[in-house]
Amino acid sequence: MTVTFCPDVESFLAKAGDLLYQEEAANSLMLGLCSRLQTGWAEGRKPVLVVLEEGGKVVSAALHAGDNLVLSFAEPAMLSALASALQQRDLDFPGVVGPANEAAVFAALWEELRGKRSTLAIKQRIYQLQAVQNNNPVPGEARLATEAEIPLIARWFAMMHGEVPLPEHSSEAYLALATQKVRDQELYLWIVDGAPVSMAGATRPTRHGMGVNAVFTPESQRRKGYATALVSHVSQAMLDQGKKFCFLYTDLGNPTSNSIYQKIGYQAAADSLYFVFGPRS
């Protein structure tokens, strides 16, 4: 087993791209992060780009772009080699995201190597859509978010993170995230009577697809169909721009959102687990 640390995203994709694109939906997070790295998104941060080879053939890959480690499909022996190589470089990260079996195996390995405690934060499902099926119009319309709405969006990000078991960030971090997404024209709002009532993002493009994320509606505006309408609009807009499909991650602990996305036309592609690491108690 050979573990190679690539110097840049271009060399990483040259080695691992063909393998990753065989399962584009399952690897959409990793591929989408690569596309963002190519735009200079991680300026000032050194991404870790790892390719695993066996007998001269690429068999797996991993990426760390300043946040969680992201895994592709891998056998346990490959994950053991990866964990050892990361440990030898004294690399660390707050969590790991990947296919369900792979994430669980790596989390256990990392616990032993780093003396960490791993906690399953979210059981996720990756969905893929090729055609929008929602035909239930609701009042309002979609448009890109504007800079005047950045403070509101930052509050929504904080509220959204507060509803799921994710590490909390500072108000400055949420403001920076909202600013980046608005200025990069990644965030859409559903507007009713001139006021935003729901948000959804389009981000991390892959060769054939686009990721949909940051879907949130404040409690007072829920159960009115706004998120369904907005995700339908964003998904259709990406297809109209030439993408063959859209991807999104869901929290399997939220059956309502999973049902809504399936009604829009999203179909299950793979399961994923997200573990967070912390000190042993």
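The values are calculated or read from the model by the stated rules, or taken from the named source; none is laboratory data. This structure is a prediction, so every number in the text was calculated from the model and none was measured. Every residue, glycine as well, gets a Cβ built from its backbone with ideal geometry; the counts of neighbours run over all protein chains shown. The area values use the complete protein model at the heavy-atom level, side chains included, leaving out ligands, DNA and RNA. Shrake-Rupley method; radii C 1.70, N 1.55, O 1.52, S 1.80 Å.
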| Which is in contact with a helix residue (DSSP H, G or I) (Cβ under 6 Å, 6 or more places away or on another chain), closer than 26 Å to Ala121 by Cα and either without any contact (Cβ under 8 Å) to a residue 60 or more places away in the chain or among the small types (Gly, Ala, Ser) (or both), of Ala214, Ala173, Ala178? | Ala178
| said: Can you confirm whether Leu230 is of a type in the set (A, V, I, L, M), part of a helix (DSSP H, G or I), crowded, with 23+ Cβ neighbours inside 10 Å and at pLDDT 95 or above? | reply: yes
| note | Note on segment 238-275: residues in a loop (DSSP other than H, G, I, E, B), surrounded by fewer than 19 Cβ atoms within 10 Å (Cβ to Cβ) and not small (Gly, Ala, Ser) are Gln241, Lys244, Leu252, Asn254
| Out of (1) over 30 Å from Val3 (Cα atoms); (2) free of Cβ contacts under 8 Å to residues at least 40 places away in the same chain, what's the single condition that is false for Ala74? | (1)
| field | Filtered residues of segment 68-99 (kept if assigned to a loop (DSSP other than H, G, I, E, B) and out of contact with any Lys or Arg (no Cβ under 8 Å at 6 or more places or on another chain)) | value | Asn68, Ser72, Phe73, Ala74, Glu75, Arg89, Asp90, Leu91, Phe93, Pro94
| field | Output for segment 213-227, where each listed residue is open to solvent by 20 Å² or more (accessible area, probe 1.4 Å) and not small (Gly, Ala, Ser) | value | Asn213, Val215, Glu219, Gln221, Arg222, Arg223, Lys224, Tyr226
| strands (runs of 3 or more DSSP E) contained in segment 108-212 and holding at least 1 residues open to solvent by 40 Å² or more (accessible area, probe 1.4 Å) and under 30 Å from Pro76 (Cβ atoms) | 116-129
| task | For segment 145-152, state whether one or more residues are under 19 Å from Ser232 (Cα atoms), of a type in the set (D, E, K, R) and modelled with pLDDT of 95 or more. | result | no
| remark: In segment 23-70, anything β-branched (Val, Ile, Thr) and either touching a strand residue (DSSP E or B) at 6+ places or on another chain (Cβ under 8 Å) or modelled with pLDDT of 95 or more (or both) is listed as Val48, Val50, Val51, Val58, Val59, Val70
| Complete set of residues in segment 1-22 that are out of contact with any strand residue (DSSP E or B) (no Cβ under 7 Å at 6 or more places or on another chain) and either part of a helix (DSSP H, G or I) or buried (at least 18 other Cβ atoms within 10 Å of the Cβ) (or both) | Glu10, Ser11, Leu13, Ala14, Gly17, Asp18, Tyr21
| remark: Filtering segment 23-67 for residues that are crowded, with 18+ Cβ neighbours inside 10 Å, of a type in the set (S, T, N, Q) and in a loop (DSSP other than H, G, I, E, B) leaves a count of 1
| query | Of the residues Leu37, Leu31, Leu86, which single one is more than 17 Å from the chain's Cα centre (by Cα) and on the phi < 0 side of the Ramachandran plot? | reply | Leu86
| Residues of segment 174-221 classified as within 15 Å of the chain's Cα centre (by Cα) and not hydrophobic (A, V, I, L, M, F, W, C), total | 10
